[in-house]
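Reading through the C-alpha cells given below for one structure.
A short reminder: the numbers here are calculations on the coordinates, not readings from a lab. If you're wondering where the values come from, they're calculated on a predicted model, not measured in any experiment. Every residue, glycine as well, gets a Cβ built from its backbone with ideal geometry; the counts of neighbours run over all protein chains shown.
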Amino acid sequence: MRDADEVKVSISSEADVVTAREAGRQMASEIGLNGSLPTLIATAISEVSRNIIQYAGKGEIILRPLHQSLKTGIMIIARDKGPGIADVEQAMKDGYTTGRGLGLGLPGTRRLMDEFEIVSKKGKGTTVTMKKWM
Ligand SMILES: Nc1ncnc2c1ncn2[C@@H]1O[C@H](COP(=O)(O)OP(=O)(O)O)[C@@H](O)[C@H]1O
Ligand SMILES: [Mg+2]
C-alpha cells in the first residue's frame with residue numbers, strides 16, 4: 001500500500017538531515033534503484049534538508065515510492081513554513097545565495113533529478129517536489 005510505504009522525517013537539526021538522507025538511500029535500494037542512484041537520492045535529500053534548516057528553521061521531508069505501470073521511482077517532498085523564496089527563478093540560478101553557501105544546492109539538485117518543482121510564497125513557505133525514475 002502506497003501510504004504505508006511513505007516515510008516522513010521532521011527536519012530541525014543536522015541529525016535529522018542524516019536520518020532523512022539514510023531513509024532515502026534505504027528506500028531507493030529497496031525499490032530497486034541501483035548503481036549510484038541511492039547515493040544520488042541521499043545527496044538531493046541532504047541539499048533540500050539543509051536549506052530547510054538554514055532558511056526556514058524547520059520543516060519535513062516526505063519520501064514516497066512510485067510504482068507506475070512501466071516505471072518505478074521515488075518522490076521526495078521537502079516542505080517548510082518558513083519565509084519562502086521571493087524569486088524562485090533567481091534561486092534556481094547557479095551561484096545565487098542569500099546565505100554563505102555556494103548557491104549550487106537547488107540548481108545542482110535539479111540536475112540530479114528527473115522531475116523538479118518548487119512552489120514558494122513569500123511569508124508562507126516553500127515546497128520542493130522532485131522525482132527520480134529508474
Ligand atoms: N527552504 C527555503 N526557504 C527559503 N529560502 C530558500 C529555501 N531554500 C533555498 N532558499 C533560497 O534559495 C537560495 C539558493 O539555495 P541553494 O541553491 O541551496 O544555495 P545555498 O544554500 O548555497 O544558498 C538560498 O540562498 C536561499 O535564499
Ligand atoms: Mg542550499
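Within segment 114-129, being under 17 Å from GLU89 (Cβ atoms) and in contact with a helix residue (DSSP H, G or I) (Cβ under 8 Å, 6 or more places away or on another chain) holds for PHE116, ILE118, SER120, THR126, VAL128.
Checked against (1) of a type in the set (A, V, I, L, M, F, W, C); (2) more than 28 Å from GLY103 (Cβ to Cβ); (3) in contact with a Pro (Cβ under 8 Å, 6 or more places away or on another chain), VAL7 meets all criteria but (3).
Yes/no per residue for (1) within 14 Å of ligand 1 (Cβ to nearest atom); (2) buried (at least 20 other Cβ atoms within 10 Å of the Cβ):
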position: GLU14; (1), (2): no, no
position: VAL18; (1), (2): no, no
position: GLU30; (1), (2): no, no
position: ASN34; (1), (2): no, no
position: ILE41; (1), (2): no, yes
position: VAL48; (1), (2): yes, yes
position: GLU60; (1), (2): yes, no
position: HIS67; (1), (2): no, no
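Looking across segment 81-92 at every residue that is touching a strand residue (DSSP E or B) at 6+ places or on another chain (Cβ under 9 Å) and not charged (D, E, K, R), the one that is surrounded by the fewest Cβ atoms within 10 Å (Cβ to Cβ) is identified as ALA86. Of all residues in segment 96-117, those satisfying the criterion of being more than 8 Å from ligand 1 (Cβ to nearest atom) and free of Cβ contacts under 8 Å to residues at least 60 places away in the same chain are ARG110, ARG111, ASP114, GLU115, PHE116, GLU117. With respect to SER46, determine if the residue is without any contact (Cβ under 8 Å) to a residue 40 or more places away in the chain, out of contact with any strand residue (DSSP E or B) (no Cβ under 9 Å at 6 or more places or on another chain), not in a loop (DSSP other than H, G, I, E, B) and not charged (D, E, K, R). So SER46 passes the test.
Residue by residue through segment 93-127, note down the ones that are loosely packed, with under 14 Cβ neighbours inside 10 Å, over 11 Å from TYR55 (Cβ atoms) and small (Gly, Ala, Ser). Within segment 93-127, GLY95, GLY123 meet the criteria. Evaluating VAL17 against the criteria (1) more than 14 Å from VAL128 (Cβ to Cβ); (2) within 13 Å of the chain's Cα centre (by Cα); (3) of a type in the set (Val, Ile, Thr); (4) not in a helix (DSSP H, G or I) leaves one unmet condition, (4).
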